[in-house]
Amino acid sequence: MRFDVITLMPALFEIVRGQGVTGRAIDRGRVHLELWNPRDYTRDVHRTVDDRPYGGGPGMVMKYAPLRAAIEAARASAPASPVIYLSPQGRRLDQGGVRAFSERDGLILLTGRYEGIDERIVDCCVDEEISIGDYVLSGGELAAMVMMDAIIRLLPGVLGDADSARQDSFMEGLLDCPHFTRPETVDGRSVPEVLRGGDHRAIRRWRLMQALGRTWQRRPDLLERRVLSQEEQDLLEEFKRSRAEAGE
Ligand code: ADE
C-alpha cells in the first residue's frame with residue numbers, strides 16, 4: 001500500500017519510518033511512504049505557506065496555492081489514491097473505517113497546521129475528511145500517523161501469525177479480553193485457572209466471555225450496534241450471573 005502525506009513537518013514521519021510495525025512494513029517494501037511539503041511549492045522568497053484569516057480572528061490559515069500544487073504533485077504520482085483531509089470536522093475513524101481504508105491501494109493524507117486550511121482546498125481537492133476523535137490536535141500529522149499505524153497493521157503479511165490471530169473475527173466490534181504472562185502468581189494475584197490448562201475450546205469461550213463482559217461494562221454503545229450470536233448471548237448472561245454471584 002502507498003501513502004502520500006502532504007505535510008509542513010516531514011521530520012515527524014521519521015517515527016513511522018523508523019520504528020516498530022510501520023517501520024518494518026516500509027523496510028520490507030510492503031508500504032511505500034512519500035512526503036510532500038507545501039513549502040517546496042511556494043513561489044515567493046519567504047516560502048510563505050500561511051496567511052491571516054479573512055474576517056479576522058486568531059491564528060493563521062494555510063494558503064490555497066502551495067497546498068494545491070503539493071496535492072497535484074502527489075496525485076500525479078498516485079492517481080488512484082483518494083485525498084483524505086485529517087480534521088476534527090471529519091467523519092470519526094473507527095475499526096470498520098480502518099479496515100475499509102486498508103483495502104485501498106493507496107491514500108493521499110492531507111495534514112493541516114495553524115487554524116486550518118483555506119476551505120477552497122476542501123472544495124476542490126478533498127475526497128473525504130476524517131477525524132481521529134473529538135478533541136483538537138495542533139496539526140493533522142499525529143492523526144495521519146495514527147491512521148497509518150492502524151491501517152498498516154491490518155495489511156496481509158505485516159503482523160506475524162501470532163499477532164494476526166488476535167484479529168480473529170470473533171472479537172470484531174468488542175473490547176479485547178485480559179491478557180497474562182508469567183509468572184503464574186505475582187503479589188498474590190493468580191492467572192485465571194482456565195488459561196493455565198490446555199483446553200483450547202474453554203480458553204476461546206473464556207476470552208470471548210471476557211470480551212463481551214468488558215464491552216458490556218465499559219462500552220455498552222458498542223454492544224447496541226452489534227448483533228450477538230446465540231453463543232455470545234449465553235456467554236454474556238454467564239458473565240453477568242457470575243458477577244452478580246460475586247456481589248459485584
Ligand atoms: N487535526 C486536528 N485535530 C484532529 C483530529 N481530532 N482528528 C484529525 N485531524 C485533526
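With R₀ set to 22 Å, the beta-carbon distance separating Q89 from A69 gives a calculated FRET efficiency near 0.40.
Remark: relative contact order (the chain) = 18 percent; criterion is Cα-Cα distance under 8 angstrom and separation of 6 or more residues.
Between S190, S102, S131, the residue with the greatest mean-square fluctuation in the GNM of the chain (Cα pairs under 10 Å linked by springs) is S190.
Treating only the Cβ of Lys, Arg, Asp and Glu as charged (+1, +1, -1, -1), what charge dipole size does the range 185-245 show about its Cα centre? Round to the nearest 20 debye. With Lys and Arg at +1 and Asp and Glu at -1, about 220 debye. A crude spin-label estimate for the pair S190 and D123, with each label 7 Å from Cα along the Cβ direction, gives 6.9 nm.
Add +1 for every Lys or Arg and -1 for every Asp or Glu among the other residues with Cβ under 11 Å from the Cβ of E238, and state the total. If you can, show how the numbers build up before the last one.
Values: positive: R205, K240, R241, R243; negative: E231, E232, D234, E237, E245.
Around E238, the surrounding residues sum to -1.
Taking the inverse of the mean 1/r over every pair of distinct Cα atoms in the chain gives a Kirkwood hydrodynamic radius of 21.1 Å.
Rounded to the nearest 0.05, what FRET efficiency do E231 and E14 give with R0 = 35 Å and r taken as the Cβ-Cβ distance? Could you check? Calculated value: 0.15.
Which shape class applies to the range 185-245: rounded if a/c is under 1.5, otherwise prolate when a/b exceeds b/c and oblate if not, where a ≥ b ≥ c are the square roots of the Cα gyration tensor eigenvalues?
prolate
Per residue of the chain, the DSSP helices (runs of n ≥ 4 H) give a summed -39500 (n - 2.57) that works out to -11500 deg cm²/dmol at 222 nm.
Ordering A144, L67, Q89 by Cα displacement along the dipole of the chain toward the positive end leaves A144 in first place; charges were set at the Cβ atoms of Lys, Arg (+1) and Asp, Glu (-1). Database remark: amide H of V5 closer than 5 angstrom to the amide H of E34, L35, W36, L109 (H placed geometrically; neighbours at sequence offset of 5 or more, or on other chains; Pro and chain starts carry no H).
Since every read-out is calculated from the coordinates, none of them should be taken as a lab result. For clarity, every value in this text was computed on a predicted model and none was experimentally measured. Here Cβ is always computed from backbone atoms with ideal geometry, including for glycine, and neighbour counts include all displayed protein chains.
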